[in-house]
Amino acid sequence: MISYKELGLVNTKEMFEKAMKGKYAIPAYNFNNLEQLQAIIQACVETKSPVILQVSKGARDYANINLLRNMARGAGEYARELGCDIPIVLHLDHGDSFETCKECIDNGFSSVMIDGSHLSYEENVALTRKVVEYAHAHGVTVEGELGVLAGIEDAVSHAVSHYTKPEEVVDFVSRTGVDSLAISIGTSHGANKFKPEDCTRDANGTLVPPPLRFDILEEIEEKLPNFPIVLHGSSSVPQEYVAMIMQYGGKLKDSIGIPEEQLRKAAASAVCKINIDSDGRLAMTGTIRKILSENPGEFDPRKYLGPARDELKKMYMHKNKNVLGSAGQA
Ligand code: G3H
Ligand code: 13P
Ligand code: ZN
């Protein structure tokens, strides 16, 4: 059993209390490799932002849980070396079973998500409660989920979404004891969040997706005052990266994300954690495609992974400063 405290990590409790009071959201960035982690830490140190490092089941399969844990430990030392001791959470993204959550808690994670959103309501309550009991006995915080996001989730794939029902949230939170709740108000995973035919066009001809369901969020806030809410599927799908990928041989179709103003508005509400993965994938892939295409003789991975990491860092700094409002809050 390895406690997250030995690794210099924190759970989400104090982070969310401050985010709620300060009307900003903590960035929850997924990582799978060294360059993503370097970019996250450099960006969060330079902007003085707390951060949640997210590890999906796919990331564990790809990178190995022991390596990821030690990377998170190293991230704290690296941040201090860079000059700012930012609070760092190591979080399991979309935990699919009690066993997965337990394995992560036993391996130094300071926060876990149990995603029972694909189960019946009563099954979701029972599974989430079981995870909370184990997690809280070890000082680990737990995120539950009510409502279903469309798109591809790690262990669970959902073709269609359904919004969180505000009438269920008080019962769910009180019976499970979760520390935060992921809700469904119109976001979805991946780079294709909306169909073009469901969007309108602004004066410049840019596609504008339908707004998030802030009415549902407000109802949830009224029922659960000062309770931390989580937004998954919150990539904005920056069109400059989509264009870069297409220009240098990639094929992406109908890539539409959540407009930044909507995320800024959500961050000022009870939303305390905003999950972003796909935007990082787009920034890295666009940069790598460009460099390899312009330098066909290049075969040193540092020559394309390094610039991809720098682009990623720039993007995370922008999000912390201008979208989530977490800059300066560490
Ligand atoms: O919510 C899903 C995350 O974007 C993680 O994706 O399972 O491909 O690592 P992944
Ligand atoms: P995006 O696919 O919008 O980046 O969402 C990531 C996410 O929700 C991870 O849990
Ligand atoms: Zn998610």
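The values are calculated or read from the model by the stated rules, or taken from the named source; none is laboratory data. Here the structure is a predicted model, which is why all the values come from computation and not from measurement. Virtual Cβ from ideal backbone geometry, glycine too; neighbours counted across all protein chains shown.
If you check Tyr248, Tyr241, Tyr304, Tyr316, which single one turns out to be of a type in the set (Phe, Trp, Tyr), modelled with pLDDT of 95 or more and within 23 Å of Ala79 (Cβ to Cβ)? Answer to the check: Tyr316.
Every residue, every condition in (1) closer than 29 Å to Met113 by Cα; (2) in contact (Cβ under 8 Å) with a residue 12 or more places away in the chain; (3) of a type outside the set (Phe, Trp, Tyr); (4) more than 16 Å from ligand 3 (Cβ to nearest atom), yes or no:
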| residue | (1), (2), (3), (4) |
| --- | --- |
| Ala268 | yes, yes, yes, yes |
| Val271 | yes, yes, yes, no |
| Ser278 | yes, yes, yes, no |
| Met284 | yes, yes, yes, yes |
| Arg289 | no, yes, yes, yes |
| Gly297 | no, no, yes, yes |
| Gly306 | no, yes, yes, yes |
| Leu312 | yes, yes, yes, yes |
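Here segment 236-265 is the region considered, the condition is being within 16 Å of ligand 3 (Cβ to nearest atom) and in contact with a helix residue (DSSP H, G or I) (Cβ under 7 Å, 6 or more places away or on another chain), and the residue that is nearest to Leu212 (Cα to Cα) is Leu263. What about Ala43, is it among the aliphatic types (A, V, I, L, M) and assigned to a helix (DSSP H, G or I)? When the stated conditions are applied, Ala43 passes them. Exactly one residue out of Ser110, Ser97 is surrounded by fewer than 20 Cβ atoms within 10 Å (Cβ to Cβ), of a type outside the set (A, V, I, L, M, F, W, C), away from ligand 2 (no atom under 16 Å from the Cβ) and under 25 Å from Gly233 (Cβ atoms): that is Ser97.
Taking the criterion of being among the aliphatic types (A, V, I, L, M) and away from ligand 2 (no atom under 16 Å from the Cβ), the residues of segment 218-260 that qualify are Ile220, Leu224, Ala243, Met244, Met246. When Val125 is tested against the conditions (1) under 20 Å from the mean Cα position of the chain (by Cα); (2) buried (at least 17 other Cβ atoms within 10 Å of the Cβ); (3) not basic (Lys, Arg), the lone failure is (1). Taken over segment 25-36, the residue count meeting the criterion of being assigned to a helix (DSSP H, G or I) and within 14 Å of ligand 1 (Cβ to nearest atom) is 1. Of the residues Lys13, Lys48, Lys21, the single one that is away from ligand 2 (no atom under 16 Å from the Cβ) and free of Cβ contacts under 8 Å to residues at least 40 places away in the same chain is Lys21. Number of residues in segment 173-213 that are crowded, with 21+ Cβ neighbours inside 10 Å, of a type in the set (S, T, N, Q) and part of a loop (DSSP other than H, G, I, E, B): the value is 2.
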